[in-house]
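J.: Before anything else, here's the structure in question.
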Amino acid sequence: MDDITLTTVIPLPMVLFQTLFLLVAIIVEAMVLRQNLRWPRRISLERSATINLLAVTVGWMLFFLIEPILPPGLREQVMSFIFFDRFFANEWSGSLAIWLVGAGIVAFFLTFFIKLEGLTLLLRLLKPPDFQTRAQILAEESSHKSATGRSRSRKLRQSQFNLQYQQERDRTNAVLRANAASFTVILILLLLRIVLQEI
Amino acid sequence: MVNGMVNLFKNTFKQTSQTVGYTFNRVKPPRSFSWQMLLLLSVFSWVLSLLAEANWLSHFLTNGAWLFLISGVNWALLENPVRIFGLNLGPWITGALVGLFLFGQGESIDLQIVLVLWPLISTAIAIFPYFLSKDLQLTVPNTKAQQQIVLLILINLTLSCWIQFYFNIQRWLTQYPSLLVSNFSASAFVLSLGDVDATPRGVSLLEQTEALIINEIDGKPWSYAERWLFQIDNNLPELRADALDRLLEAEEDHFWNLQEDVDSAGANYELNLRAIWTGPGTLDQPYALQETCEIRQTQSVTAPAAPGAVAGAIASGDNSNLSTAANNTPMTEVVCSEISEVPVEPAEPPAPAVAPTPSAPAAPTTAPMTPNRVPPDALMPTPPNSAPTPTAPGLNNAAPGASPSAVPPTTAPATAPTTAPATGPVNFGEPASTP
């Protein structure tokens, strides 16, 4: 680690590509969230930006954690892809396609999970007045059990609980759709890049 | 008026959000108190720290100078914000100073830590004012500010990741220096600014191998050299390992294959050494570096027997051997060409497979080898029937300069080295491209 020689090889294209894809994903996901959850435009943009940036940073952290412990052959394939946009022939060449497909699927569901959790966390942090998690409602409900007017309060609670449950389900659905939409658009952009290179 | 000034200072300090500034606010600031003053104080304590005898005092004053500098610069930036596209760069300038102050002191500046933490430190500086209320009490920012803060943190975390990725690339290039030889124009990730001056490690590998070979057979009796050449196929892995031992270890070493093949050139041998890069690169097929070593027989002279041989030895500039050679045994001389890049086809292995044979029964194998060496043949006047005769001194070492036929082989190498470097790669490339 300590005797690294610094060169003028810089990851500028990566930065540009990531910025582009981030902007595209943020806009696409903000549109989906706005449609599905009826959030105002600015709020959807802010929240979409937050969850996408979170997904990017968590992704980078995972990359930095996993890269040093990859098997050397696989690590060299990753390097080959980063430096030369291609893989080279080694003992991993044969199974590479399966690894890539697997990584893609894992990436999709991992980003979905991160975005959903991130959004839940963000909403809890920002605490809009109507926001409560199911666990909070359940806890409140159990504390109200001993109170008088039990059945009425319970009924009210039940309906509120249903509302919360509904909201949470809507949110999950919306994030899943948003994630699928942004992945699709980015995939199309990546394919476009390949097509443009061929010409 | 005075009240207005005090209020102005109060407002400034509210935003300054620096510990130094904060403590100074407790002391009522005089009018002369400004960021210029802080910068002056910084220079003053820095000069004092140079003069200070005691180590701790010097340290104390240096740290003081840093703190004055940081708060002074921060203040200056608050009064005259530096903006690019409406974005205030102030926290990032102060952040750089804070990073240098915290991690950049001492003999070895850890550039990686300073740079990776830079956006994060700057974020802390940028968001700190949000947590201060109007009367400088700690407070929880409102919802709108919270969203901004979260975004600011995440954006800067991403910047940190990008910087860390730059250092990852540098680590890879240190571990695999030969990657720098290929260009990165196809890459979607990296860009090479300017020419990176890089020689593939294969060059060092070949140089070290050459040195080992010279060490092994140069100046040794010809029969020994021939026997050694005969076994070079078995020795090659060890040779490669020894050569790599002489270099600083790098993770890419397993990508370098060493290949050899031996041609006989008249009475002499031509040893082709190839270092083949099998790692990632721009090209589909591996590329190879090659050098050709002429392994020559220098006739140690019994002076009256063959004056032509003496002339040949003198012509080849080998005075040391001439003077020391008191006996009749022919000695070995190794002359290697420049290293050049040659194409490599996957169908290469058959060629070295033929190579191990030449030194064993010299006479029959030279015949199939001759088509490979077109230029040396052109130098020799009579290729077909001279083929058996030059091998004679190789087989029985006792008859070095006895026959007049020994003259051409000695003169041939004298002219050969000039052509060898040029023809070597071409010679190799020719058979490689035909299949």
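The values are calculated or read from the model by the stated rules, or taken from the named source; none is laboratory data. Given the structure is predicted, the values throughout are model-derived calculations rather than measurements. Counting neighbours? That spans all protein chains shown, and the Cβs are built from the backbone with ideal geometry, glycine included. Surface accessibility is based on the protein's heavy atoms, side chains included, excluding ligands, DNA and RNA. Shrake-Rupley method; radii C 1.70, N 1.55, O 1.52, S 1.80 Å.
J.: Out of everything in the stretch A:21-57 that is open to solvent by 80 Å² or more (accessible area, probe 1.4 Å) and of a type in the set (A, V, I, L, M, F, W, C), what residue ends up being farthest from the other protein chains (Cβ to nearest Cβ)?
T.: If we take residues in the stretch A:21-57 being open to solvent by 80 Å² or more (accessible area, probe 1.4 Å) and of a type in the set (A, V, I, L, M, F, W, C), then A:MET31 is farthest from the other protein chains (Cβ to nearest Cβ).
J.: Sticking with this one: Name the single residue, out of those in the stretch B:45-59 being open to solvent by 80 Å² or more (accessible area, probe 1.4 Å) and at pLDDT below 80, that is nearest to B:PRO129 (Cα to Cα).
T.: Top of the filtered list is B:HIS59.
J.: What is the residue count in the stretch A:171-199 for residues that are within 14 Å of chain B (Cβ to nearest Cβ) and in contact with a Phe, Trp or Tyr (Cβ under 8 Å, 6 or more places away or on another chain)?
T.: Qualifying residue count for the region: 2.
J.: Residues of the stretch B:218-270 being in a helix (DSSP H, G or I), over 32 Å from the mean Cα position of the chain (by Cα) and aromatic (Phe, Trp, Tyr), which ones?
T.: B:TRP222, B:TYR224, B:TRP228, B:PHE230
J.: One residue is enough: does the stretch B:198-217 have a residue meeting the conditions without any contact (Cβ under 8 Å) to a residue 60 or more places away in the chain, under 11 Å from the mean Cα position of the chain (by Cα), under 20 Å from B:GLU249 (Cα atoms) and surrounded by fewer than 18 Cβ atoms within 10 Å (Cβ to Cβ)?
T.: Yes: the stretch B:198-217 contains one or more residues that are without any contact (Cβ under 8 Å) to a residue 60 or more places away in the chain, under 11 Å from the mean Cα position of the chain (by Cα), under 20 Å from B:GLU249 (Cα atoms) and surrounded by fewer than 18 Cβ atoms within 10 Å (Cβ to Cβ).
J.: Now for a separate question. Residue check: is B:PHE128 in contact (Cβ under 8 Å) with a residue 40 or more places away in the chain and away from chain A (no Cβ under 14 Å)?
T.: Yes.
J.: If you don't mind, another one. Could you check how many residues of the stretch A:80-130 are open to solvent by 50 Å² or more (accessible area, probe 1.4 Å), of a type in the set (A, V, I, L, M) and either in contact with a Cys (Cβ under 8 Å, 6 or more places away or on another chain) or assigned to a helix (DSSP H, G or I) (or both)?
T.: 10
J.: Has the stretch B:61-72 got any residue that is open to solvent by less than 60 Å² (accessible area, probe 1.4 Å), under 17 Å from B:SER122 (Cβ atoms) and in contact (Cβ under 8 Å) with a residue 40 or more places away in the chain?
T.: Yes, the stretch B:61-72 has at least one match.
J.: Still on this model: With the condition kept exactly as written, say whether any residue in the stretch B:219-234 is in contact with an Asp or Glu (Cβ under 9 Å, 6 or more places away or on another chain) and either polar (S, T, N, Q) or at the interface with another protein chain (Cβ under 9 Å from one of its Cβ atoms) (or both).
T.: no
J.: Look through B:LEU179, B:LEU173, B:LEU191, B:LEU247 and report the one residue that is of a type in the set (A, V, I, L, M, F, W, C) and away from chain A (no Cβ under 14 Å).
T.: Sole residue among the options that is of a type in the set (A, V, I, L, M, F, W, C) and away from chain A (no Cβ under 14 Å): B:LEU247.
J.: A further question on this structure: Need pairs with beta-carbon distance below 9 Å; first residue farther than 14 Å from A:VAL175 by Cβ and within the stretch A:17-30, second not in a helix (DSSP H, G or I); sequence gap 6+ or separate chains.
T.: A:PHE17/B:ALA188; A:PHE17/B:PHE189
J.: Go through the stretch A:4-20 residue by residue and tally those that are more than 7 Å from chain B (Cβ to nearest Cβ) and more than 15 Å from the chain's Cα centre (by Cα).
T.: Adding up the residues that qualify gives 3.
J.: If you go through the stretch A:65-74 one residue at a time, do you hit one that is of a type outside the set (A, V, I, L, M), at the interface with chain B (Cβ under 8 Å from one of its Cβ atoms) and out of contact with any Cys (no Cβ under 6 Å at 6 or more places or on another chain)?
T.: Looking for residues that are of a type outside the set (A, V, I, L, M), at the interface with chain B (Cβ under 8 Å from one of its Cβ atoms) and out of contact with any Cys (no Cβ under 6 Å at 6 or more places or on another chain), one finds at least one in the stretch A:65-74, hence yes.
J.: Is it true that some residue in the stretch B:143-159 is surrounded by fewer than 16 Cβ atoms within 10 Å (Cβ to Cβ), touching a residue at least 40 places away in the same chain (Cβ under 8 Å) and within 11 Å of chain A (Cβ to nearest Cβ)?
T.: no
J.: Given (1) open to solvent by 30 Å² or more (accessible area, probe 1.4 Å); (2) assigned to a loop (DSSP other than H, G, I, E, B); (3) closer than 29 Å to A:GLY59 by Cα, identify the lone condition not met by B:GLN105.
T.: If we test B:GLN105 against (1) open to solvent by 30 Å² or more (accessible area, probe 1.4 Å); (2) assigned to a loop (DSSP other than H, G, I, E, B); (3) closer than 29 Å to A:GLY59 by Cα, just (3) comes out false.
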